[in-house]
Amino acid sequence: MAVSKRLRYEILRRDQHTCHYCGASAPDVKLTVDHVAPVALGGTDTADNLVTSCEPCNSGKSSASPDAHHVAGVADDALRWADAMKQAADNLRQQETPRLEYRDAFLAEWNRWHLGKDSTKKVPLPDDWKQSVERFRVAGVPTWLWADIVDAAMANQKVKPENTFRYICGIAWNKVTALQAEARRIVGAQASPVTTDHVVEAAMEVWLNERSGKAGDDMASQFRASLAELHDREDAHRVLQAAQYAAWFGETDATAALRAADQEDALQQWTFAWLTATGDYPDEARTRSMQAQINTLLEADVYVGRVSRAAAYAGSRRVKYLHFGLSDAEQQLIGMHGYFIRTLEIWAEAFQATSGRRPELSEQNAFLKAMERVGQDGDFLVADVHHAAAAAGAYQDPDITTCLTRHLSAFESAARPTGGDN
């Protein structure tokens, strides 16, 4: 039987592409795989009878009986190679075991649920679920927590089956945030000081681990320097977060990676809140608009926590505009005014109460244009505008001016008796 291409490759690799007889190596000489004990003399095609040989040595040996020391040397090499391959396989299995056990723990919780009354019909999982679950393992979500996360997601009847896994990811990331906050509290309660060098080295370990150790010297040096620079402005938790996201996004700049992480986190807060409120994901147009607002605020160095809270509030109210907790100056950065958005919410709630649906994006835009005209007039009381918004919403009318009265609230207040409730 001829020696297979795979076996030839393994023999050449075992012998480090060096002739076993004379020590010549590629590319100086052309190498082949030779039978130490020739086939004509009963030699086999097994690894312990095969050796790397240059063409001159191979042709000179012909079908002569090999010297004993050559046969013994090849046999020893074959045994060492077999032991090394076995050890490598064991090492790989040990590295994979935690990942597989963690994945199986998640899958066991997922498979406890099914669609409707048919226990064999499972909730669908996306193709990339394994990579997502692995991220949560690295982020520190314990296996025992998956039972609560999966149960909370599956029990939400608003969420469509095809969106369940993404909904679960939203819950899991919230758990990660809570775990990180508790870890920071514990670390802060301990007295041992943490230096910049400690933080940078820990972040480098996170970065290399997430990249499976694949990084050139120049790339590693560049990233290490960016970590040290980032730690001058951010705490240890944020530096470690930057390292993790840098590995995921293929970044070598820690500041850019942290910005990308903040943008993703804030958008995720909005998306998850929207999904919780409606049972479905926002459309692409709304998502692009929200992402642009988030990016603008973060690039202006608005604190990420406030941006995320504003995003979560907007998602829960099913609007694509940020305003909650933002200053007037910050709202102006994204071309919004909190007064307009609060009025929009009143109109949208009344709209849904009478029509049974949320107003479309085009209807919301028409309402905001009407609000701009009201704002340009500038001679209306806030209470009058809010009353008009509720009335216009009840009629599904985006033009608030049809229901707007001037200073009616002031007259109503003046007409109320003073000194008592009657």
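The values are calculated or read from the model by the stated rules, or taken from the named source; none is laboratory data. Because the structure is a prediction, the values reported are computed rather than measured. Virtual Cβ from ideal backbone geometry, glycine too; neighbours counted across all protein chains shown.
Some values worked out for this structure:
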read-out	value
Breaking point among (1) at pLDDT 75 or above; (2) part of a helix (DSSP H, G or I), for Val123	(2)
Which numbered condition Phe272 fails, given (1) within 30 Å of Asp217 (Cβ to Cβ); (2) buried (at least 16 other Cβ atoms within 10 Å of the Cβ)	(1)
Answer residue from segment 278-293, given it is touching a Lys or Arg at 6+ places or on another chain (Cβ under 7 Å) and without any contact (Cβ under 8 Å) to a residue 60 or more places away in the chain and is surrounded by the fewest Cβ atoms within 10 Å (Cβ to Cβ) among those	Ser289
Residue list for segment 24-46, filter: modelled with pLDDT of 80 or more and buried (at least 20 other Cβ atoms within 10 Å of the Cβ)	Leu31, Asp34, His35
Residue check for Gln376: at pLDDT below 80 and either surrounded by 11 or more Cβ atoms within 10 Å (Cβ to Cβ) or of a type outside the set (A, V, I, L, M, F, W, C) (or both)	yes
Index of the failed condition, Asn156 passing every other in (1) part of a helix (DSSP H, G or I); (2) more than 12 Å from the chain's Cα centre (by Cα); (3) of a type outside the set (Asp, Glu)	(1)
